[in-house]
Amino acid sequence: MSAKHREFESEALVHMDVLYGLALRFTGGDDAAAQDLVQDTLLKAYRAWDKFESGTNCRAWLTTILRNTFINDLRRRQARPAPVEYDEVAERSVYPQLHEEDAEGGFFDRIVDQEVIRAIEELPEDFRVPLVLADLEGIGYQEISELLEIPVGTVKSRLFRARRRLQQRLYRYAVEMGYIR
Amino acid sequence: MTNDEQPPGDAVSPEGGGTSDELSCEEAARNVFEYLDGELPPDRSEKVHRHVEMCRRCYPYFNFERAFLDYVHDRGMRPARSAELEERLNRLLKDLEDRER
């Protein structure tokens, strides 16, 4: 095994599970698309390996490649985006419904991980992608606006709606499961 | 100020806001995510902060939304494992290495 290969394995390949998790969130749980995305990312990283400075944050470097790869592909696919449906009812905070029973949102912690992940992955793409960028990756509005080539106001309103939808869904799930009344 | 019966959190639009010195609960609630994301201009952020700190309705509400965002971040970043992907990548890297020899 070559030195480059060994180094790549120990520094880059170890992040495969993180990359695959993020890829699933981006692609809405599409396993084949997520696998392709991770493969493309690692292939690009391998080819550019001599540009990577050993000892710097490899995970951050890889997630940036993954994000850019996904977004370039998204832009190609969305040359003519479908209009997003707005549902006002689903866009309110669940807080007024449960502030007397669970003002601190303790019910969130009782929801199994898989349900949260499914809820994120099943958001419509226009809402899901800004949410993954902002809430999972911690990217600011301005940078999301540049990445997705949409105005900051649109980032704000999509993020707002994504969070509300997600919250409503988790709330309904918690009620169904009897975690809250 | 707004009535005391309704808890905040009913705002349906992230836009807008007043210009007076004191914010109403509705105005503060409309900025909740931008505030928690650290995306408000400093003077507006300061106004929201002052309101929330002193308001017995908004204080727990803002904490609730913060708990929600923290929760989405923690759970959402969960890694995933695929034996199929692992095998696929190992094959790919082996091919690349062979070609580079």
- Message: Suppose the chain between A:ARG92 and A:TRP49 were pulled fully straight at 0.36 nm per residue; how much longer would it get relative to their current alpha carbon spacing?
- Response: 10.8 nm
- Given unit charges at Cβ for Lys, Arg (+) and Asp, Glu (-), the dipole magnitude of the protein assembly as shown about its Cα centre in debye, nearest 20, is 740
- Backbone HN-Hα couplings from phi across the range A:66-77 [Karplus 6.51/-1.76/1.60, Hz, Gly and Pro as x]: 4, 4, 5, 5, 4, 5, 4, 5, 4, 4, 5, 5
- Note on the structure: FRET efficiency for B:GLU87 and B:ASP43 from the Cβ-Cβ distance with R0 = 45 Å, rounded to 0.05, comes out at 0.20
- Report the residue, chosen from A:GLY55, A:GLY106, A:GLY140, that carries the largest GNM mean-square fluctuation when chain A is represented by alpha-carbon nodes joined by springs under 10 Å. A:GLY55
- Could you give the size of the charge dipole of the range A:3-77 about its Cα centre, using +1 on the Cβ of each K and R and -1 on the Cβ of each D and E, expressed in debye and rounded to the nearest 20? 320
- Task: Determine the gain in length on full extension of the stretch A:THR56-A:ARG110; use 0.36 nm per residue of separation and subtract their C-alpha separation, reporting nm with one decimal.
- Result: 15.8 nm
- Work out Dmax and Rg for the protein assembly as shown from the C-alpha atoms and quote the Rg first, both in angstrom. 21.4, 75
- So what J values fall out for the range B:21-33 if you push phi through Karplus, 6.51 cos²θ - 1.76 cosθ + 1.60 with θ = phi - 60°, rounded to Hz, Gly and Pro as x? 6, 9, 8, 7, 4, 4, 5, 5, 5, 5, 9, 3, 6
- Query: Peptide A:92-99: average number of partner chain Cβ atoms within 10 Å per residue?
  - Reply: 6
- Query: For chain A, modelled as a Gaussian network with Cα springs under 10 Å, which listed residue fluctuates most, A:ASP36, A:ASP126, A:ASP102?
  - Reply: A:ASP102
- Message: Just to confirm the filter: which GluC sites (Glu not before Pro) across the range B:15-101 are DSSP coil and have at most 14 other Cβ within 10 angstrom of their Cβ?
- Response: B:GLU15, B:GLU22
- Of A:GLN39, A:GLN142, A:GLN97, the most mobile residue in a GNM of chain A (C-alpha springs, cutoff 10 Å) is A:GLN97
- Message: Rounded to the nearest 20 debye, what is the charge dipole size of the range A:90-176 about its Cα centre when +1 sits on each Lys and Arg Cβ and -1 on each Asp and Glu Cβ?
- Response: 340
- Message: Take A:GLU149 and B:LYS94, extend 7 Å from each Cα along the Cα→Cβ direction, and tell me the distance between the two endpoints in nm.
- Response: 4.1
- Treat each spin label as a single point 7 Å out from the Cα along the C-beta direction, and report the A:ASN68 to A:VAL175 distance in nm. 4.5
- Rounded to the nearest 0.05, what FRET efficiency do A:GLU101 and A:MET1 have when you use their Cβ-Cβ distance and R0 = 45 Å? 0.20
- Task: Putting +1 on Lys and Arg Cβ atoms and -1 on Asp and Glu Cβ atoms, find which of A:ILE65, A:GLY29, A:SER10 reaches farthest to the positive end of the dipole of the range A:3-77.
- Result: A:ILE65
- Query: Along the range A:106-122, what does the Karplus equation 6.51 cos²θ - 1.76 cosθ + 1.60 (θ = phi - 60°) give for ³J(HN,Hα), rounded to whole Hz, x for Gly and Pro?
  - Reply: x, 5, 3, 5, 7, 7, 5, 3, 4, 5, 5, 5, 4, 4, 5, 5, 8
- Task: Using a cut-off of 11 Å between beta-carbons, work out the net charge of the residues near A:CYS58 (Lys and Arg +1, Asp and Glu -1, A:CYS58 not included).
- Result: -2
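May I ask you to derive the FRET efficiency for B:ASP21 and B:ASN63 from their Cβ-Cβ distance with R0 = 35 Å, giving the value to the nearest 0.05?
The computed FRET efficiency comes out at 0.90.
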- Within 10 Å of each Cβ of A:16-22, how many other protein chain Cβ atoms are there on average? 6
- Query: Which lysines, on any chain, are close to A:LYS51 with Cα under 27 Å apart, when same-chain ones fewer than 8 places away are left out?
  - Reply: A:LYS4, B:LYS94
- Query: How many nm is it between the label spots at A:VAL14 and B:ARG50, if each spot is 7 Å from the Cα in line with the beta carbon?
  - Reply: 5.0
- Task: Specify the inter-centroid distance of the range B:61-80 and the range A:3-46, based on alpha-carbon positions, in whole Å.
- Result: 24
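FYI, it's all coordinate maths here, none of it is from the lab. As the structure is a computational prediction, the values presented were derived from the model and not from experiment. Positions of Cβ are backbone-derived with ideal geometry, glycine not excepted, and every protein chain shown enters the neighbour counts.
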